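The values are calculated or read from the model by the stated rules, or taken from the named source; none is laboratory data. The structure displayed is predicted, hence computed values, not measured ones. We work out accessible area using only protein heavy atoms, side chains counted, and drop any ligands, DNA or RNA first. Shrake-Rupley method; radii C 1.70, N 1.55, O 1.52, S 1.80 Å.
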Amino acid sequence: MQSLGIHNPVTRAAPETKSEYHAFLAEELSQFFISRGLMARFGGTIALTDVYALFNRARGTELISPNDLLTVCGLLEPMGLGLILRKFPSGVYALQSASFRD
């Protein structure tokens, strides 16, 4: 648990605006999943429910809401952070490596 943890998570108190909070959170999320090799371990795609569980577990007591996670995941591709939010025909959302191809 200690090795997966995020030692200094972004909080709503730090950024001045809500959009800055989401941008900082998007950077934290992408760094967490890419630098720890989680995207590769999961084959390039992780269901959003698993992303939510893993990311909140690593953040400890500074949990994020499901709505904030969905907003943040939508920012990943426009910000060029190496991850994209993908919606499958079944309606399932997943976080996918930008270099991953079907």
Q) On average, how much accessible surface per residue is there in segment 55-102, in Å², for a 1.4 Å probe, leaving out ligands, DNA and RNA? A) 58 Å²
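Starting from the Kirkwood radius over alpha-carbon pairs of segment 15-102, derive D by Stokes-Einstein at 37 °C in a medium of 0.692 mPa s and give it in µm² s⁻¹.
On the way: Rh = 13.1 Å.
Rounded, D is 251 µm²/s.
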